[in-house]
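Undergrad: Handing you a structure now.
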Amino acid sequence: MFPYLEDAACHGSDPDQFYAESGAVIMRAKSQCARCTIQRQCLEWAIKREEFGVWGGMTARERAELRREWGVRLIPAGVA
């Protein structure tokens, strides 16, 4: 799991909002990320490790696009 979670603005929030399909819910999740002091670390971690959800202020689709542009591959789940 994300190593800095205890410092994140989302710590203790309902995780379902970060895996929503609705545009309004996604925007709320992104706005919470925008206020987070560790947004950058979260995004850097998620680009390599998270296929789904809003992480570091970006949706799964946005991160996938960055991975393609940067030539980054997802690290399989369970690999340290």
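Values in this text are rule-based calculations from the coordinates and carry no lab data. These figures come from a predicted structure and were not determined experimentally. Using ideal geometry, Cβ is built from the backbone for each residue, glycine included, and neighbour counts are taken over all protein chains shown.
Undergrad: To test your reading of the geometry: what angle, between 0 and 90 degrees and rounded to tens, separates the Cα axis of helix 39-49 from the longest principal axis of the chain?
TA: Helix 39-49 sits roughly 40 degrees off the main axis of the chain.
Undergrad: Now for a separate question. Where in the range 23-37 does the amide nitrogen come within less than 15 Å of the point 7 Å from the Cα of ALA60, taken along Cα to Cβ?
TA: Answer for this model: 23, 26.
Undergrad: Nearest 10 degrees is fine. How inclined is helix 23-34 to the longest principal axis of the chain, computing both from alpha carbons?
TA: 80 degrees
Undergrad: So what is the 222 nm mean residue ellipticity for the chain from helices alone, if each DSSP H run of at least 4 adds -39500 (n - 2.57) and you divide by all residues, rounding to the nearest 500 deg cm²/dmol?
TA: Only helices count here, giving -13000 deg cm²/dmol.
Undergrad: Moving on. Using Cβ contacts closer than 10 Å as the measure, can you line up THR37, THR59 from fewest to most? Can you show the working numbers first?
TA: On the way: THR37 10, THR59 17.
Listed from fewest to most nearby Cβ atoms, that is THR37, THR59.
Undergrad: For the Cα atoms of the chain, what angle does the longest principal axis make with the long axis of helix 60-70, in degrees from 0 to 90, nearest 10?
TA: Value to nearest ten degrees: 30.
Undergrad: At a threshold of 8 angstrom on Cα-Cα distance, excluding pairs fewer than six apart, so keeping six or more, what relative contact order does the chain reach in percent?
TA: Values: 90 pairs, mean separation 21.0, N = 80.
About 26 percent, as a whole number.
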